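The values are calculated or read from the model by the stated rules, or taken from the named source; none is laboratory data. Bear in mind the structure is a predicted one, so any value in this text is a computation, not a measurement. Neighbour counts are summed over all protein chains in view; Cβ atoms, including those assigned to glycine, are modelled from backbone coordinates with ideal geometry.
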Amino acid sequence: MINSIIKFILSDFSLWTPIVAILIGIYANYKNHNGLSFNILRYLLFFVAGLQGLYTAIMHIFFGDFTSAQIGWQPSPFEFEVGLANLSYAFIGFIAFFKKDFGLWLGVVGGLSVFLIGAGFGHIYQLVAHANHAGSNSGVILYTDIIVPIIMIILLYLRHKKLAIEI
C-alpha cells in the first residue's frame with residue numbers, strides 16, 4: 001500500500017499537484033474570502049509552478065538518464081537545461097505564492113503556460129511522428145501539460161476581471 005502511494009506521488013506529480021492545489025484553494029476560500037479564482041490560482045502557483053517545478057528540476061538535473069528513459073528519449077545534456085528551466089519556474093512560483101501581485105502572477109502563468117503547452121504539443125508530435133508511447137510522453141503528462149495551464153489562464157482572467165470591477 002505504501003509503495004503504491006509513493007509510486008503514485010513520484011510518477012504522477014503532474015496529476016496530483018493541480019488536484020491538491022484546487023482542493024486547498026477551495027478550502028482557503030472559505031477561510032479568507034479573497035475570491036475562488038484568487039485562492040485556487042494562488043495554490044496552483046505554489047503546487048504546479050513551485051513544487052512541481054522543483055520536482056521536475058531535480059529529476060532532470062540529477063536523474064537525467066532515468067528521466068530521459070521515462071520520456072522515451074536518449075540521454076542528452078539538454079536534460080540539465082530543461083531542469084534549470086523547471087527550477088526557474090519553481091523559484092518564481094514560490095515567490096508568486098507569497099507576493100500576491102497580479103503582474104507577477106501574469107508573468108508566471110504566461111511563461112509557465114508557454115513552456116507547458118509547448119511541451120504538451122511536443123509530446124503529441126513525439127507520439128504521432130515517432131510513435132513514442134513512453135509513460136512520461138503519452139501518459140498523464142500529455143494532458144496536464146495542456147489542461148492545467150489553460151485552467152490557470154482562465155483563473156487569472158477571472159481574477160483580473162474581478163480586480164477591474166473592484167477598482
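Computed values, structure above
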read-out	value
Residue match in region 85-103 (condition: part of a helix (DSSP H, G or I), closer than 26 Å to GLN126 by Cβ, over 14 Å from the mean Cα position of the chain (by Cα) and without any contact (Cβ under 8 Å) to a residue 24 or more places away in the chain)	no
Hey, LEU127 at pLDDT 95 or above, assigned to a helix (DSSP H, G or I) and not polar (S, T, N, Q) or not	no
Set SER4, SER14: member being touching a residue at least 12 places away in the same chain (Cβ under 8 Å), among the hydroxyl-bearing types (Ser, Thr, Tyr) and closer than 30 Å to PHE63 by Cα	SER14
Residue match in region 44-65 (condition: touching a residue at least 40 places away in the same chain (Cβ under 8 Å), in contact with a Gly (Cβ under 6 Å, 6 or more places away or on another chain) and of a type in the set (Ser, Thr, Tyr))	no
Test: residue in region 108-120 that is among the polar types (S, T, N, Q) and crowded, with 16+ Cβ neighbours inside 10 Å	yes
Check on ALA119, part of a helix (DSSP H, G or I), within 15 Å of the chain's Cα centre (by Cα) and closer than 18 Å to PHE46 by Cβ	no
Subset of region 1-21 [over 18 Å from LEU87 (Cβ atoms) and buried (at least 20 other Cβ atoms within 10 Å of the Cβ)]	PRO18, ALA21
Conditions (1) more than 18 Å from ARG42 (Cα to Cα); (2) crowded, with 16+ Cβ neighbours inside 10 Å; (3) aromatic (Phe, Trp, Tyr); number of the one not met by TRP105	(1)
Residue count for region 57-90, restricted to those that are crowded, with 16+ Cβ neighbours inside 10 Å and not small (Gly, Ala, Ser)	12
Helices (runs of 4 or more DSSP H) fully within region 1-83 counting 2 or more residues that are of a type in the set (Val, Ile, Thr) and either on the phi < 0 side of the Ramachandran plot or modelled with pLDDT of 90 or more (or both)	2-11, 13-32, 53-62, 64-71
